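First, the structure itself, so that you have it in front of you.
The values are calculated or read from the model by the stated rules, or taken from the named source; none is laboratory data. What you see is a predicted model; the values in this text were computed from it and never measured. Cβ placement follows ideal geometry from the backbone for every residue including glycine, while neighbour counts extend to all protein chains displayed.
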Amino acid sequence: MLTNAPKGTKDMLPKDAYKWHYVEKAFEETCRRYGFGEIRTPVFEHTELFVRGVGGTTDVVQKEMYTWEQAHRSLSLRPEGTSPVVRSLVENKLYADMQPTKVYYDIPCFRYEKPQSGRLREFHQFGVETFGTDDMMADAEIISLASEYLDKMGITDVELRINSIGCPTCREEYKKILKEWLAPKYDQLCDTCKGRYETNPMRILDCKSPEDQKLVEGAPVMLDYLCDDCKAAFEELKEDLEAMGIEYTVDPGIVRGLDYYTKTAFEFISKNIGAQSTVCGGGRYDYLTEEIGGPHMPGVGFGLGIERLLITMEENGVVIPEEEGPDAFIVFVGEAAKKFVIGFASKLRKQGLFVETDALARNVKGQFKYADRVHAKKTIVIGDDELANGKATVKDMESGEQHAVKFDKIPELLK
């Protein structure tokens, strides 16, 4: 009986790999131009990291993590990228280096949830994080990086929405007011939001249930209850974005789904991928390092799902250029030529050339057909006559021109 891939996972096949290479290379280049260095963290962490960092009352921790016991310790596959990066920052004492610390990552993450368009149980995520500054310039830079990257990927249907969800001080006062407003509607809330009512009522505003979305229409908004510091920070963020020429919409409904966010929250929204419309989202988290046992180290960052990104690019009509084919495909005729070609192809590859040859004993016509299929730039034909003369017939597959070329001159010709 065939064992299929687990539900919510997907193979990346060779025919699609060039798309991933394209978006990954562009992301790395964009991050490096902004001064970000790559970080890699383990695929699994101690469960307590996510309970303390993401929040014990979030859906991610309560319902979606893949968790198991090993040697009397609870371990979990990472459901998101920020908490492991913060753990690494603290464990490796990166906070003691000259600040800011700026990192990016390209990782798989895991959440047990209903698979749907742009969302899988194993998904892949780009992310960036800046630590060590509470200046809104860092937030604006993070947003600018995301905006520039999405634009570079040809995504034109996105809208940047920003909000401030305050700090622990002003948010506590707002939560009390929100709970008073929600109290008469409590019995009509979904079971999940009834649980959120006591632990984090702001998450009710982010509920995806259409019924609950209608219930919270007209709810008090955090922006009206910001303390002076948070209000000034939000105004500074808007000024910085305007200085960068980045258009935005203030959306009081942006609260994000993880407990560690403070002040800035933002999302890039697309209208083309169904219910899961957030292509990229992030914000500020000034107390996360303290939450997991480190010193005070304000941070800001974003996450961007790669599967969702590729879907959005397709919806925007973006055609990703395929990777180039081989520099040459070597066609051989006869056993003597075959033995020679095995060694000759190896020599060319060691000189940095992309070379393919036949391993299926095709006839000459079949070898040429395959060379065309893999988009080889040139074919090199070697048979008994070519071995005797020390020259191969080299054909340019685009122009059709062909010449006899000495074996030792072929590397120079291909380069």
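For the stretch 298-407, give me every one of the strands (runs of 3 or more DSSP E) that falls completely inside it and has 2 or more residues that are under 30 Å from residue 264 (Cβ atoms).
Numbers: elements: 299-305, 328-332, 355-357, 378-382, 391-396, 402-406.
By residue number, 299-305.
Would you mind stating whether residue 412 is farther than 19 Å from residue 349 by Cα and either surrounded by 18 or more Cβ atoms within 10 Å (Cβ to Cβ) or among the acidic types (Asp, Glu) (or both)?
no
Now, a different point. Since residue 27 meets every condition but one in (1) farther than 21 Å from residue 203 by Cβ; (2) of a type outside the set (D, E, K, R); (3) without any contact (Cβ under 8 Å) to a residue 12 or more places away in the chain; (4) not in a strand (DSSP E or B), which condition does it not meet?
Every listed condition holds for residue 27 apart from (3).
State which residue pairs qualify: first residue free of Cβ contacts under 8 Å to residues at least 12 places away in the same chain and inside the stretch 176-195, second residue surrounded by 15 or more Cβ atoms within 10 Å (Cβ to Cβ) in any location, beta carbons under 8 Å apart, and separation of 6 or more residues or different chains.
186/197
Conditions (1) more than 30 Å from residue 43 (Cβ to Cβ); (2) buried (at least 21 other Cβ atoms within 10 Å of the Cβ); (3) assigned by TED's automatic domain parsing to the domain that holds residue 28, marked per residue:
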residue	(1), (2), (3)
104	no, yes, yes
115	no, no, yes
122	no, no, yes
131	no, yes, yes
153	no, yes, yes
158	no, yes, yes
162	yes, yes, yes
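Please verify whether residue 78 is within 17 Å of residue 305 (Cα to Cα) and touching a Gly at 6+ places or on another chain (Cβ under 9 Å), treating the condition exactly as stated.
When the stated conditions are applied, residue 78 does not pass them.
Same structure again: Need the failing condition index for residue 126 against (1) more than 15 Å from the chain's Cα centre (by Cα); (2) crowded, with 21+ Cβ neighbours inside 10 Å, just the number.
(1)
Within the stretch 171-276, considering only helices (runs of 4 or more DSSP H) that don't extend past its boundaries, which have at least 1 residues that are of a type outside the set (Ser, Thr, Tyr) and closer than 21 Å to residue 142 by Cβ?
228-243
Is it the case that residue 40 is assigned to a loop (DSSP other than H, G, I, E, B), out of contact with any Gly (no Cβ under 8 Å at 6 or more places or on another chain) and either closer than 28 Å to residue 148 by Cα or not assigned by TED's automatic domain parsing to the domain that holds residue 293 (or both)?
yes
I've got another one for you. In the set 110, 50, 44, which member is surrounded by fewer than 20 Cβ atoms within 10 Å (Cβ to Cβ) and in contact with a Lys or Arg (Cβ under 8 Å, 6 or more places away or on another chain)?
44
Counting only residues that are hydroxyl-bearing (Ser, Thr, Tyr) and touching a residue at least 12 places away in the same chain (Cβ under 8 Å), which one in the stretch 1-24 is surrounded by the most Cβ atoms within 10 Å (Cβ to Cβ)?
22
Let me ask you something else. Considering each residue of the stretch 291-333, count those that are surrounded by 14 or more Cβ atoms within 10 Å (Cβ to Cβ), over 30 Å from residue 10 (Cβ atoms) and over 20 Å from the mean Cα position of the chain (by Cα), and give that number.
First, the residues of the stretch 291-333 that are surrounded by 14 or more Cβ atoms within 10 Å (Cβ to Cβ): 291-292, 294, 297-316, 318, 320, 325-333.
Pick out the ones that are also over 30 Å from residue 10 (Cβ atoms) and you get 291-292, 294, 297-300, 327-333.
If we keep only those that are over 20 Å from the mean Cα position of the chain (by Cα) too, we end up with 291-292, 294, 297-298, 327-333.
Residues meeting the conditions: 12.
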